[in-house]
1. Which members of the range 37-51 meet the condition of being in a strand (DSSP E or B) and exposed (fewer than 12 other Cβ atoms within 10 Å of the Cβ)?
2. Run residue 94 past the list (1) free of Cβ contacts under 8 Å to residues at least 24 places away in the same chain; (2) surrounded by fewer than 12 Cβ atoms within 10 Å (Cβ to Cβ); (3) outside any helix (DSSP H, G or I) and report the number of the one that doesn't hold.
3. Restricting to the range 104-144, name every residue that is in a loop (DSSP other than H, G, I, E, B) and over 21 Å from residue 72 (Cβ atoms).
4. Test residue 73 against the stated conditions and say whether it is touching a helix residue (DSSP H, G or I) at 6+ places or on another chain (Cβ under 9 Å), farther than 20 Å from residue 128 by Cβ, exposed (fewer than 14 other Cβ atoms within 10 Å of the Cβ) and in contact (Cβ under 8 Å) with a residue 24 or more places away in the chain.
5. Within the range 52-64, is even one residue in a strand (DSSP E or B) and touching a residue at least 40 places away in the same chain (Cβ under 8 Å)?
6. Exactly one of these conditions fails for residue 113: (1) over 15 Å from the mean Cα position of the chain (by Cα); (2) on the phi < 0 side of the Ramachandran plot. Give me its number.
7. For the range 66-76, does any single residue satisfy the condition of being in a helix (DSSP H, G or I) and modelled with pLDDT under 95?
């Protein structure tokens, strides 16, 4: 019995110190974005390449507009496919969210995207995100 307890404790502790994989990094980034917990520098920690450069180059007004997701509520995040090597990973994922206007749900948006991830200094970073398909469902009639 004590040997089993030691083995279980070792497994639990080793899981706590495991490095984040590409999928976990992407999932964490999406969760934190929708919670609104990331400031300018924290978002930069998740990114690399031209994506990072463009976001880091934003002034405070542009960044506030980019980071304000208060009108959106995430409904679903699902990774459907990943194609990874040691240094690069392509992750296809679905994300669904509701968009609100005047505290009333206006749109349901479903996106299929591909995130290109690279491994830099033993951690995964998002290098590029490509939109594959978007479906928008309006909850009210549109005035055109």
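The values are calculated or read from the model by the stated rules, or taken from the named source; none is laboratory data. In this text the structure is predicted, and so the values were computed from the model without any measurement. Cβ coordinates were reconstructed from backbone atoms using ideal geometry, including for glycine residues, and neighbour counts include every protein chain displayed.
1. Correct list: empty.
2. It is condition (2) that residue 94 fails.
3. Selection gives 121, 122, 141, 143, 144.
4. yes
5. Scanning the range 52-64, I find no residue that is in a strand (DSSP E or B) and touching a residue at least 40 places away in the same chain (Cβ under 8 Å), so the answer is no.
6. Result: residue 113 passes all but (1).
7. The answer is yes; a qualifying residue exists.
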